[in-house]
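Quick notes on the structure that follows.
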Amino acid sequence: MARLSQHGRSAAAAITAQTGASEGSETDSSLIGLCGAFPALLAAFNDDPRDDNPFWEPYIAACRAISAMQPNTMAGIVAKARAAVEDGHGLCPDGDFPSDGMKWAWDVVQALVRMGEAR
């Protein structure tokens with residue numbers, strides 16, 4: 001658990017550093033970085049049973065930032081798709097509405113359509 005918490009803290013720091021990055025990057029570097037750090041952050045968030053979970057704010061910031069960024073490259077599409085898979089199976093834990101991962105999956109589909117139309 002200590003290693004996971006340290007890994008989660010590192011992911012949280014990476015997320016916090018990148019959430020202010022530009023949304024329109026042609027290289028998708030910010031999106032790729034956020035999506036790469038997301039699995040460790042999600043695991044740390046899910047494994048901390050405290051009501052005042054220290055990973056809550058970085059988790060929400062990551063979800064908002066990933067949601068706001070549209071992929072422009074195949075690497076960005078793959079990164080966002082992997083984050084969508086990590087985020088779950090389509091529903092939030094309470095089952096009331098689609099998860100962020102489900103929204104990200106739709107973003108991936110739209111990006112692929114845009115890329116195909118640009119050819």
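Consider residue 8 carefully, then state whether it is in contact with a helix residue (DSSP H, G or I) (Cβ under 7 Å, 6 or more places away or on another chain) and at pLDDT 90 or above.
Against the criterion (in contact with a helix residue (DSSP H, G or I) (Cβ under 7 Å, 6 or more places away or on another chain) and at pLDDT 90 or above), residue 8 does not qualify.
Read through the list (1) modelled with pLDDT of 90 or more; (2) surrounded by 15 or more Cβ atoms within 10 Å (Cβ to Cβ), then give the number of the only condition that residue 88 fails.
Among (1) modelled with pLDDT of 90 or more; (2) surrounded by 15 or more Cβ atoms within 10 Å (Cβ to Cβ), the lone unmet condition for residue 88 is (1).
I'd like to verify a number: residues in segment 52-84 that are hydroxyl-bearing (Ser, Thr, Tyr), under 25 Å from residue 115 (Cβ atoms) and in a helix (DSSP H, G or I), how many?
1
The values are calculated or read from the model by the stated rules, or taken from the named source; none is laboratory data. Just so we're clear, the structure is a prediction, and the values are computed from it rather than from any experiment. So basically every Cβ, Gly included, is an ideal-geometry build from the backbone, and we count neighbours across all protein chains shown.
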